[in-house]
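Q: Here you go, one structure.
The values are calculated or read from the model by the stated rules, or taken from the named source; none is laboratory data. A quick note: this is a predicted structure, and the numbers were derived from the prediction, not measured. Positions of Cβ are generated from backbone atoms using ideal geometry, with glycine treated the same way; all protein chains shown enter the neighbour counts. These accessible areas exclude ligands, DNA and RNA; they are computed on the full protein's heavy atoms, side chains included. Shrake-Rupley method; radii C 1.70, N 1.55, O 1.52, S 1.80 Å.
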Amino acid sequence: MTTPVSRAPVRHFRDELNERAMRREWVASRAVWVVMALVVVGALAGMSGSGPLARASSTSPLGDGDATLNYPRFARFHAPTALVVSVDAPETTATTLRISLSPELAGQVDVRQVTPQPDATSLGPDGGVYEWQVEDWAAPVSVQFSIRPDDHGQVGGRVTVAAGNGAPAAIDFTTWVLP
């Protein structure tokens, strides 16, 4: 009479590899889903050009008023975007508005157009300087710089606004330029 021999379950090395491979595939799949969700949320928030996080502004006191810089938080490499400087100084008696872009900023962007057209421009060690003759300060004065970023990553610098001989307003900002 023969006695039945119980055998231990046979595990094949191939089965263990398949289980590990399936686990890695599941983890990789979930990681890709998370990255895709973050891209969609970022695009909706403003990283693609419009949305609540797309633009920012910074204000600095300027003599009898304020100077405000509106700028994009995110820009695209070689894509046109705008910096808008608004000066609200109804009590000023100055006749000249001077806006200068720092050398760091001038080296990272290409200024394509300035609206309204400046009365005088110069380029020196302090960067690009633009001047306008302003006769009426009753309404805020707004100047738009159409720029094109020439660098990737963090781009920024300082915009200095002066009205007459008073203390100028210096506004620092940073924009992230995406490929």
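Q: Inside the range 69-93, can you point out the residues that are under 15 Å from Ala139 (Cβ atoms) and modelled with pLDDT under 90?
A: Scanning the range 69-93 gives Asp88, Ala89, Pro90, Glu91, Thr92.
Q: Val177 - would you say it is at pLDDT 90 or above, in contact with a strand residue (DSSP E or B) (Cβ under 6 Å, 6 or more places away or on another chain) and of a type in the set (Val, Ile, Thr)?
A: No, not satisfied.
Q: Name every residue in the range 105-122 that is more than 25 Å from Leu178 (Cβ to Cβ) and either among the basic types (Lys, Arg) or part of a loop (DSSP other than H, G, I, E, B) (or both), in order of residue number.
A: Hits for the range 105-122 are Pro116, Gln117, Pro118, Asp119.
Q: A follow-up question, please. Just one of the numbered conditions (1) assigned to a helix (DSSP H, G or I); (2) modelled with pLDDT under 80; (3) open to solvent by 30 Å² or more (accessible area, probe 1.4 Å) is not true of Ala45; which one?
A: (3)
Q: Another one. Can you tell me which of Asp88, Asp151, Asp119 is under 15 Å from the mean Cα position of the chain (by Cα) and acidic (Asp, Glu)?
A: Asp151
Q: Yes or no: Pro52 outside any strand (DSSP E or B), more than 20 Å from the chain's Cα centre (by Cα) and not acidic (Asp, Glu)?
A: Working: outside any strand (DSSP E or B): yes; more than 20 Å from the chain's Cα centre (by Cα): no; not acidic (Asp, Glu): yes.
Considered against the rule, which asks whether it is outside any strand (DSSP E or B), more than 20 Å from the chain's Cα centre (by Cα) and not acidic (Asp, Glu), Pro52 comes out as no.
Q: I'd like to verify a number: residues in the range 123-179 that are over 22 Å from His78 (Cβ atoms) and not in a strand (DSSP E or B), how many?
A: Number of matching residues: 14.
Q: Looking only at the range 98-107, count how many residues are modelled with pLDDT under 90 and not small (Gly, Ala, Ser). Explain how you work it out, then say what you get.
A: We begin by selecting, within the range 98-107, every residue modelled with pLDDT under 90; these are 105-107.
Filter once more, so that each one left must be not small (Gly, Ala, Ser): 105.
Of the residues in that region, 1 qualify.
Listed here are the residues, each with its yes/no results for (1) modelled with pLDDT of 80 or more; (2) surrounded by 14 or more Cβ atoms within 10 Å (Cβ to Cβ); (3) at negative phi.
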residue: Arg7; (1), (2), (3): no, no, yes
residue: Arg23; (1), (2), (3): yes, no, yes
residue: Gly49; (1), (2), (3): no, yes, no
residue: Ala67; (1), (2), (3): yes, yes, yes
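Q: Please enumerate the residues belonging to the range 76-99 that are outside any strand (DSSP E or B), over 17 Å from Val129 (Cα atoms) and of a type in the set (Ser, Thr, Tyr).
A: Once the filter is applied, which keeps residues that are outside any strand (DSSP E or B), over 17 Å from Val129 (Cα atoms) and of a type in the set (Ser, Thr, Tyr), the range 76-99 yields Thr92, Thr93.
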